[in-house]
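What follows draws every value from the coordinates through simple rules; no lab data is involved. Bear in mind that the values here come from a model prediction, so they are computed numbers and not experimental data. Here the Cβ positions follow ideal geometry from the backbone for every residue, glycine too, while neighbour counts run over all protein chains shown.
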Amino acid sequence: PCLCQAFCTTSKEDMNRNNIELKWVVQRNLSIKSGNFIEFDCKIGYVQDPASSPFRVQCMDGTLEYPRCK
């Protein structure tokens, strides 16, 4: 049996909706392996929402919890 876990792919639409961008990568869409971390930053002109989840996010079997800026 395969114990494969899904990759997480960042979504330009989700990032725009939350006013965030990838911190270290220029490209808009990025696939990362489950268990790995990715970092986001607020777009210019926005600040971290106090109710936001952390900006260092772990891919968990195909799911990312996006942080928010306002």
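Sparse packing (at most 14 other Cβ atoms within 10 Å of the Cβ) combined with a DSSP loop state is found for the following GluC sites (Glu not before Pro) in the range 6-70: Glu65. The chymotrypsin sites (Phe, Trp or Tyr not before Pro) of the range 4-58 that meet both conditions, a loop assignment by DSSP and at most 15 other Cβ atoms within 10 Å of the site Cβ, are Phe7, Trp24, Tyr46. Remark: the range 8-58 carries a charge dipole of roughly 140 debye about the Cα centre, counting +1 on each Lys and Arg Cβ and -1 on each Asp and Glu Cβ. For the range 54-65, 3J(HN,Hα) computed residue by residue from phi via the Karplus equation (6.51, -1.76, 1.60; θ = phi - 60°) reads x, 8, 9, 10, 9, 6, 10, 6, x, 10, 10, 9 Hz, glycine and proline entered as x. Taking other C-beta atoms within 10 Å as the exposure proxy, Ser52, Ser31 rank Ser31, Ser52 from fewest upward. Counting neighbouring Cβ atoms within 10 Å and putting the fewest first, the residues Ile44, Ile20, Ile38 line up as Ile44, Ile38, Ile20. Close amide H partners of Ser53, meaning residues 5 or more places away or on another chain with modelled amide H under 5 Å apart, are Arg68.
Take the Cα of Asp49, step 7 Å toward its Cβ, do the same at Cys4, and the gap between the two points is 3.4 nm. When each of Asp49, Asp61 is scored by the number of other beta-carbon atoms lying within 10 Å, the sequence from fewest to most is Asp61, Asp49. Only one of (i) 4, 19, 28, 25, 13, 7, 3, 1, 1, 0; (ii) 3, 16, 19, 15, 12, 10, 9, 7, 5, 4, 1, 0; (iii) 3, 15, 21, 24, 14, 9, 5, 4, 2, 1, 0 was calculated from the structure for P(r) over Cα pairs in 5 Å bins from 0, in percent, and its label is (i).
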